[in-house]
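S.K.: Below you will find the structure I want to go over with you.
The values are calculated or read from the model by the stated rules, or taken from the named source; none is laboratory data. Note that this is a predicted model, so its numbers are computed, not measured. Here the Cβ is made from the backbone with ideal geometry for all residues, glycine too, and neighbour counts use every protein chain on show. Side chains are part of the model used for accessible areas, which takes the heavy atoms of the whole protein and leaves out ligands, DNA and RNA. Shrake-Rupley method; radii C 1.70, N 1.55, O 1.52, S 1.80 Å.
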Amino acid sequence: METKRTVFPNKLLPYLFVAPQLVITLVFFIWPATQAVKSSFERTDPFGFSTQFVGITHYIRLFQDPLYLNSVGRTVVFAVAVTAISMGLALLFAAAVSRLVRSSQFYTTLLVWPYAVAPVVAGILWWFLFNSSTGILPYMLRYFGVVWNANLNGTHAMILVIIAAAWKQISYNFLFFLAGMQSVPHSLTEAAAIDGAGPLKRFWTIVFPLLSPTTFFLFIVNINYVMFDTFGIIAATTNGGPNQATNILVYKVYSDGFIGLNIGSSSAQSVVLMLFVIALTFIQFRYVERRVNY
Amino acid sequence: MASITLSAVKKTYQGQVTAIHGLDLSIADGELVVLVGPSGCGKSTLLRMIAGLETITSGEVRIGDTMVNRLEPAERDIAMVFQNYALYPHMSVRQNLEYGLKNRRTPRPEIDRRVTEAARILEIEPFLDRKPRQLSGGQRQRVAMGRAIVRQPKAFLFDEPLSNLDAKLRGQMRVEIRRLQRTLGTTSVYVTHDQLEAMTMADKLVVMNGGRIEQVGRPLEVYSRPASLFVAGFMGSPGMNLIPAPALAGIAGGLPDSVGPACGTIGIRPEDVALTAPDRPHLRLDAVLDAVELVGSESLVYAHVAGLDSEVVLRTPGIHAGEPGQTLGLHIAHADLHCFDAESGRRLAS
């Protein structure tokens, strides 16, 4: 793409202009990241007097640690469930709203609201709703013979954080799906209607395939969200428990480092996560930016 | 194959804006009817009502013997060619053609037979495995036609199918669509704002304006005997010269007896204005030349007549070597005067 080039008469001025952003990036992103990489190869004694280079010991231990491998498993379950639920429901809502004529603006506004809620607040909200002693949902579940207790039952805890995390993300996905659907030319669905396809068939054979760039983009964004931004939800509701049931990777980085004070292992874990993001970003730039071609 | 009958068909949006004012039209089996009119005249709305893409506020649409008001587009057994072609971009040409047949659970061998046949007729065989975006405008147009043909529907509906093509291709496709429609003998409704398309393609021409039918007839009949001032001005390029009758009578020293007192406006086709006196009874007007447009095969001469507000356009074969300011004698045979009622603007019998 051709962009307009600005030429500065002063050689120093352009550097001054980018300096604030550069400083912020360096101090808050690059420097901590290199520190993390560095400390993932080191072991520090409990009092912080001596630091010793240990190579990839932390990484080897990590992938032999059943607790870490358990956490990977939990994360996969969590990520798949949250992504599937939030994208599935968002698609359903978007399809429903795009059929509306007059009230679509109203519903769109309402459906976007949850996105403004911070993850921690979303977590607490659902924690209240699902609270085993005061929550309304466990009270209702009792009529179906379910004794709900997210403090004791790992599956219940997992369901709770999945719902809280997915609920928040639906808004975001919904907006993208809705915009995507609105950009599918009306005449295509009309042509399909004349070609004998009912509403459901039109959706699956015409609209959904044409949404594939949006779907792929959202898939990447959602995985990123689930892997990192859900920390607040876990911290506000289950703290990774009960018995590691909701201890997903991003929360384990925190709990091992700041509660368990095993900085070396925590750093190694965050480097693993970092590599994961880099890979995702690469895929995104490689395929999404170039648009998925149909 | 079927006839299409519209009776008292009306379309009102949200109970306020009326797009179609109770309209009657019958289209015979195998006929190609062209709906023509300026933008916003309701021609596309009417087509979409026949297709089932717009609801019908009141009145009846029949395809064959079936009342289709309440039927879904798919159940009406019609095929439509859209202005932007509406090809499914993620499907190959073959899949585009097959889509409608698959939805109707046509057996596989039959699908293959029909797709091959349509591809042969439209000469799109080499592109069957390409995606629409790899095709030129003309090729996409053919695929859109193919999608209609393979279905073998009761009727084809065309919504300004040629308006996205360049002039040359438009001319070719016009002839081709006409030939194809004749060969297949499928009842067709064709919407266009291009009156050249309308004149050349139609078996029956329907001129619409403001949600009403102004005139229905064979193209030449509409051209030579326009039923209203609107049709007179709309059909033909340039349209008829429309001159207030009293003013013309004053200048020409009286009008022939065939022009009755009810006549408010006289219409004169540009090609009916001669620069030399014909040997039939005629009017003579003295005019001053304003401008000449050379089209190549003919010239359009714009002139003004003292005492008339509007310019008079005349069409003369070959190249007219006139200069602005030059005086001209305009001759119009009495038989070529069209009279329109002062009140209603309808044509007066003559």
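S.K.: Around B:Gln83, which amide H atoms from residues at least 5 apart in sequence, or from another chain, sit under 5 Å from its own amide H, with H modelled in the peptide plane?
M.R.: Distant-sequence amide H within range of B:Gln83: B:Asp159.
S.K.: Tell me, what ³J(HN,Hα) does each residue in region A:148-164 have, in order and in whole Hz, if you take phi through Karplus 6.51 cos²θ - 1.76 cosθ + 1.60 with θ = phi - 60° and put x for Gly and Pro?
M.R.: Residue by residue, region A:148-164 yields 8, 8, 6, 7, 10, 9, x, 5, 4, 4, 4, 4, 4, 5, 4, 4, 4 Hz.
S.K.: At a 1.4 Å probe, what is the % contribution of carbon and sulfur to the accessible area of chain B?
M.R.: Working: 7670 of 15360 Å².
Taking all protein chains in place, chain B shows 50 percent carbon and sulfur surface.
S.K.: Next question. Going highest first, how would you order B:266-276, B:87-97 by mean Cβ packing within 10 Å?
M.R.: B:87-97, B:266-276
S.K.: Using a 10 Å cut-off around each Cβ of peptide B:86-92, what is the average number of partner chain Cβ atoms that fall inside? Write out the running numbers ahead of the final one.
M.R.: Working: counts 10, 3, 9, 8, 9, 4, 0.
Mean number of neighbouring Cβ atoms from other chains: 6.
S.K.: Quick test of your reading: applying the under-4.7 Å Cβ rule, which cysteines of chain B are isolated?
M.R.: Flagged as lacking a Cys partner: B:Cys41.
S.K.: Then there's this: Would you compute, from DSSP H runs of 4+ residues alone, the mean residue ellipticity of chain B at 222 nm, taking -39500 (n - 2.57) per run and dividing by the full residue count, rounded to the nearest 500?
M.R.: The helix contribution divided over chain B gives -8000 deg cm²/dmol.
S.K.: Can I ask one more? Take the alpha-carbon centre of region B:271-288, take the same for region A:148-176, and report the distance between them in whole Å.
M.R.: If you average the Cα positions of each part, the centres end up 88 Å apart.
S.K.: Using per-residue counts of other Cβ atoms within 10 Å, averaged over each peptide, order B:320-328, B:35-43 from highest down.
M.R.: Working: B:320-328: 12.6, B:35-43: 20.8.
My ranking of the peptides, most packed first, is B:35-43, B:320-328.
S.K.: Which shape class applies to region B:12-71: rounded if a/c is under 1.5, otherwise prolate when a/b exceeds b/c and oblate if not, where a ≥ b ≥ c are the square roots of the Cα gyration tensor eigenvalues? Please report the intermediate quantities before stating the final value.
M.R.: Numbers: a/c = 2.12, a/b = 1.22, b/c = 1.74.
Cα axes put region B:12-71 in the oblate bin.
S.K.: Report Rg(Cα)/(2.2 N^0.38 Å) for chain B, keeping two decimals. Spell out each step's value before the answer.
M.R.: Details: Rg = 24.0 Å, N = 350, 2.2 N^0.38 = 20.4 Å.
Here the answer is 1.18, to two decimals.
S.K.: At 222 nm, what helix-only mean residue ellipticity would chain A give, in deg cm²/dmol to the nearest 500, using -39500 (n - 2.57) for each DSSP H run of four or more?
M.R.: The per-residue figure over chain A is -19000 deg cm²/dmol.
S.K.: For region A:179-188, take each phi angle, set θ = phi - 60°, evaluate the Karplus expression 6.51 cos²θ - 1.76 cosθ + 1.60, and give the result in whole Hz per residue in order, putting x for glycine and proline.
M.R.: Result, rounded to whole Hz: 4, x, 5, 5, 8, 7, x, 4, 5, 5.
S.K.: Report the Cα centroid-to-centroid distance between region B:138-208 and region B:27-70 in angstrom, as an integer.
M.R.: Cα centroid to Cα centroid, the span is 16 Å.
S.K.: Taking a probe of 1.4 Å and counting only protein heavy atoms, give the total accessible area buried between chains B and A in Å², rounded to the nearest 100.
M.R.: Chains B and A together bury roughly 1700 Å² of accessible area.
S.K.: How large, in percent, is the carbon and sulfur part of the accessible surface of chain A at a probe radius of 1.4 Å?
M.R.: 69 percent
S.K.: Ok, one more. Pull out a ≥ b ≥ c, the square roots of the eigenvalues of the alpha-carbon gyration tensor of region A:1-116, then state rounded if a/c is under 1.5, prolate if not and a/b is larger than b/c, and oblate in the remaining case.
M.R.: Because a/c hits 1.5 or more and a/b fails to exceed b/c, region A:1-116 counts as oblate.
S.K.: Shifting gears a bit: Let me know the mean shielding of B:122-131 by other chains, meaning the per-residue number of their Cβ atoms within 10 Å of its Cβ.
M.R.: Shielding by partners across B:122-131 averages 0.
S.K.: Still on this structure: Suppose we compare each residue of region A:185-205 in its chain alone and in the full protein complex with a 1.4 Å probe; which ones drop by at least 20 Å² of accessible area?
M.R.: A:Ser187, A:Leu188, A:Glu190, A:Ala191, A:Ala193, A:Ile194, A:Asp195, A:Gly196, A:Lys201, A:Thr205
S.K.: I need the fraction of alpha carbon pairs in the protein assembly as shown separated by more than 34 Å, rounded to a whole percent.
M.R.: Result for the distance tail: 64 percent.
S.K.: Hey, another quick one. Per residue of region A:248-258, in order, report the coupling 6.51 cos²θ - 1.76 cosθ + 1.60 (Karplus, θ = phi - 60°) as ³J(HN,Hα) in whole Hz, putting x for Gly and Pro.
M.R.: Those phi angles translate into 7, 3, 5, 6, 5, 4, 5, 5, 5, x, 9 Hz.
S.K.: Okay, moving on. Which Cα, out of A:Ala157, A:Ser103, A:Asn243, lies furthest along the positive dipole direction of chain A (beta carbon charges, K/R +1, D/E -1)?
M.R.: Selected residue: A:Ser103.
S.K.: Using the Cα gyration tensor of chain A, with a ≥ b ≥ c the square roots of its eigenvalues, what is the shape: rounded (a/c below 1.5), prolate (a/b larger than b/c) or oblate (neither)?
M.R.: Details: a/c = 2.16, a/b = 1.21, b/c = 1.79.
Because a/c hits 1.5 or more and a/b fails to exceed b/c, chain A counts as oblate.
S.K.: Please average, across the residues of B:100-109, the number of beta carbons from any other chain that are within 10 Å of each residue's own beta carbon, and give a whole number.
M.R.: 3
S.K.: If one computes the Cα centroid of region A:181-200 and of region A:56-112, what distance in Å separates the two points?
M.R.: 29 Å
S.K.: Sticking with this structure for a sec: Tell me, what is the per residue accessible area of region B:1-156 in Å², probe radius 1.4 Å?
M.R.: Using a 1.4 Å probe on heavy atoms only, each residue of region B:1-156 averages 42 Å².
S.K.: Looking only at region B:111-264, where both bridge partners belong to it, what percent of the DSSP beta bridges are antiparallel (to the nearest 5)? Don't skip to the answer; put the middle values down first.
M.R.: Working: 5 of 10 bridges.
Counting DSSP beta bridges with both partners in region B:111-264, the antiparallel share is about 50 percent.
S.K.: Work out the charge dipole of region B:4-228 with +1 on the Cβ of Lys and Arg and -1 on the Cβ of Asp and Glu about the Cα centre, then indicate which of B:Ile124, B:Met201, B:Thr55 is farthest towards its positive end.
M.R.: Ranked along the dipole, the leading option is B:Ile124.
S.K.: Could you give the accessible area per residue of region A:1-90, probe 1.4 Å, as a whole number in Å²?
M.R.: Averaged over the residues of region A:1-90, the accessible area is 77 Å².
S.K.: When the gyration tensor of region B:298-350 is built from Cα positions, what are the square roots of 5 times its three eigenvalues, in whole Å, from largest to smallest?
M.R.: On the way: eigenvalues 143, 41, 19 Å².
Working through the eigenvalues yields semi-axes of 27, 14, 10 Å.
S.K.: For B:Glu54, enumerate residues with amide H under 5 Å from its amide H, sequence gap 5+ or separate chain, H modeled in the peptide plane.
M.R.: Long-range HN contacts for B:Glu54: B:Met49.
S.K.: Then there's this: Using modelled backbone amide H atoms (1.01 Å from N, in-plane), which distant-in-sequence or interchain residues come within less than 5 Å of B:Ala155's amide H?
M.R.: Those lying under 5 Å, H to H, from B:Ala155 are B:Ala79.
S.K.: Greater than 20 Å separation of Cα atoms is the criterion. Which listed pairs, B:Lys154/B:Lys204; B:Lys168/B:Lys204; A:Lys201/B:Lys43, meet it?
M.R.: Beyond 20 Å between Cα atoms: B:Lys168/B:Lys204; A:Lys201/B:Lys43.
S.K.: Which loop-located chymotrypsin sites (Phe, Trp or Tyr not before Pro) does region A:81-146 contain, where loop means any DSSP state but H, G, I, E or B and the Cβ has at most 11 other Cβ atoms within 10 Å? All intermediate terms of the calculation are to be shown ahead of the outcome.
M.R.: On the way: sites: A:Phe93, A:Phe106, A:Tyr107, A:Tyr115, A:Trp126, A:Trp127, A:Phe128, A:Phe130, A:Tyr139, A:Tyr143, A:Phe144; in loops: A:Phe130.
Answer by residue number: there is no such site.
S.K.: If you put +1 on each Lys and Arg Cβ and -1 on each Asp and Glu Cβ, how big is the dipole of chain B around its Cα centre, in Debye rounded to 20? Numbers along the way, then the final one.
M.R.: Details: 39 positive and 39 negative charges, 380 e Å.
For this selection, approximately 1820 debye.
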